[in-house]
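Trainee: Take a look at the following structure, please.
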Amino acid sequence: MERNGKDLQIYRSNLVTSPAMGELKCLEHAYVIVKGGVILEVCPVLPAEYAGAEVTDFGDGILIPAFSDLHIHASQFTERGVGMDCLLFDWLNTYTFPQESGFASLPYAETVYRQVIRELLRHGTMHASFFTTIHYEACDLFFRLLKESGMYAFTGKVNMDRNSPDFLIEDTAKSIRETDRFIAEHLGDSHVKPILTPRFAPTCSEELLKGLAEIGKRRKVGLQTHLVESIAEASWTKELFPGYATDGDIYERLGFLDNGPVIFAHVIFPEERDLEILKKHGCMSVHCPDSTANITAGIMPLSDLAGEGIGISLGSDIGGGHGTGIYRQVARAVQLSKLKEFYESGYKRITFADAFHLATAAGGSVFGNVGQLREGYQFNALLIDGLEDDGGNHTILELLERFCYIGDDRNIVRRYLDGKLLQRVTENPPSDPLS
Ligand SMILES: [Zn+2]
């Protein structure tokens, strides 16, 4: 690649990136050289060939990779922080299903979906895998809004043809037909990709899942759904699918798992068979700490799964989770792992470095070369600042940890997506970053 030109950007900054689980690479006042939105080089000293080039100096700020949210219900954004003392099925029936039925209205869908994209970018999430609802037109609109935003995303039309309220249930054949249409119309975009999105096994008939699996194989698209989220859900699934050994066995035997990325939310109560399947097919398991605490009755055995070599990342699970920023899920993942270690002998907690890796490089891996500050990766990055107290004297890594525990979107002072500075997401009141 040509190493100069007007789309060359050079930044001088402290930076932290996490190339591997448990590893934080920290450079003080290093140079990041970006061309055409791609990082050419990260180096401690400016190479001689760039002498005289314009350098933007971020002073004491810290550059970090943008975050990835691997499990979020875009359609539940307005439910954040409501009904948080319920268990899963009460919460779904009382709050979620009635609210999601509103997405039959396109104006409502547009209001909510524009807001979700704006707020995620504001909180530094540039890559995400979204659930929507069963409504084709609203899903189609959301896909187009995502494309306009420049975000990296997976999204799909939700499927549910049984065990659902009358106002939020589909005819099986229509659900399959509309899913095929949605995928056919949206294949081929470089940033936003369609994905099969059956809500979870109990709301899908075997006939529906077979139809979706056939689409996955024919169109070469992956799968996202919830897996063994609670003990009640796991046992209900077994009752509803008596011919299958476990929740994971359903998706493997129907042929969902080798057509594209497979993203399973929660994975709190996996059986041995599920673990074999997750490992064999390279599936991503998504830990959603806020949601786990709010809605369900368990904590993902994260360090056990990681020890098995199973891919793991983090998700907000809005609206089961209440927090928009994935940086806060980094902190919460550490907190929950410590509680699990306290209550379960033999369980090993994770570190801050582990959790930061899950939120950046691990989550980003399903979207391509994003989630790290390194050569060949997109310059999708956040500049954080303002995390030191008067009289404080923290290291760069301590300030990063502080950001995840006590910071918020006001500490994200710059956001770069494909090398472009996003300017409109921080205006207050926020204007529309999509226009
Ligand atoms: Zn969910």
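Any read-out appearing in this document is the output of simple, stated calculations on the displayed coordinates, not a laboratory observation. Given the structure is predicted, the values throughout are model-derived calculations rather than measurements. Reconstructed Cβ throughout: ideal geometry from the backbone, glycine too, with neighbour counts over all protein chains shown.
Each row is one residue, and each column tells you yes or no for (1) surrounded by fewer than 16 Cβ atoms within 10 Å (Cβ to Cβ); (2) assigned to a loop (DSSP other than H, G, I, E, B); (3) within 16 Å of the ligand (Cβ to nearest atom); (4) aromatic (Phe, Trp, Tyr).
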position: Arg218; (1), (2), (3), (4): yes, no, no, no
position: Thr225; (1), (2), (3), (4): no, no, yes, no
position: Gly243; (1), (2), (3), (4): yes, yes, no, no
position: Ile250; (1), (2), (3), (4): no, no, no, no
position: Leu257; (1), (2), (3), (4): no, yes, no, no
position: Gly260; (1), (2), (3), (4): no, yes, no, no
position: Phe269; (1), (2), (3), (4): no, yes, yes, yes
position: Asp274; (1), (2), (3), (4): no, no, no, no
position: Leu278; (1), (2), (3), (4): no, no, no, no
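Trainee: If Ile295 satisfies all but one of (1) within 16 Å of the ligand (Cβ to nearest atom); (2) surrounded by fewer than 17 Cβ atoms within 10 Å (Cβ to Cβ), what's the number of the condition it fails?
Mentor: It fails just one condition, (2).
Trainee: Would you be able to tell me the number of residues in the range 182-215 that are among the polar types (S, T, N, Q) and not in a loop (DSSP other than H, G, I, E, B)?
Mentor: 2
Trainee: Which is assigned to a helix (DSSP H, G or I) and buried (at least 20 other Cβ atoms within 10 Å of the Cβ), of Glu170, Glu178?
Mentor: Matching residue, one of Glu170, Glu178: Glu178.
Trainee: Here's a follow-up. Show the residue pairs that are 6+ apart or on different chains and have beta-carbon atoms under 8 Å apart, the first residue being within the range 313-328 and farther than 20 Å from Gly371 by Cα, the second being within 14 Å of the ligand (Cβ to nearest atom) and aromatic (Phe, Trp, Tyr).
Mentor: So the pair list comes out as Ile318/Phe77; Gly319/Phe77; Gly319/Tyr95; Gly320/Trp91.
Rundown of residues vs (1) buried (at least 19 other Cβ atoms within 10 Å of the Cβ); (2) in a loop (DSSP other than H, G, I, E, B); (3) away from the ligand (no atom under 16 Å from the Cβ); (4) not aliphatic (A, V, I, L, M), yes/no style:
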position: Val286; (1), (2), (3), (4): yes, no, no, no
position: Asp290; (1), (2), (3), (4): yes, no, no, yes
position: Asp354; (1), (2), (3), (4): yes, no, yes, yes
position: Gly363; (1), (2), (3), (4): yes, no, no, yes
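Trainee: Which of the residues belonging to the range 151-208 are under 21 Å from Glu100 (Cα atoms), under 18 Å from the mean Cα position of the chain (by Cα) and without any contact (Cβ under 8 Å) to a residue 40 or more places away in the chain?
Mentor: The one that is under 21 Å from Glu100 (Cα atoms), under 18 Å from the mean Cα position of the chain (by Cα) and without any contact (Cβ under 8 Å) to a residue 40 or more places away in the chain: Phe200.
Trainee: Further question: From the list Tyr343, Tyr377, pick out the single residue that is farther than 26 Å from Tyr11 by Cα and hydroxyl-bearing (Ser, Thr, Tyr).
Mentor: Unique residue meeting the criteria: Tyr343.
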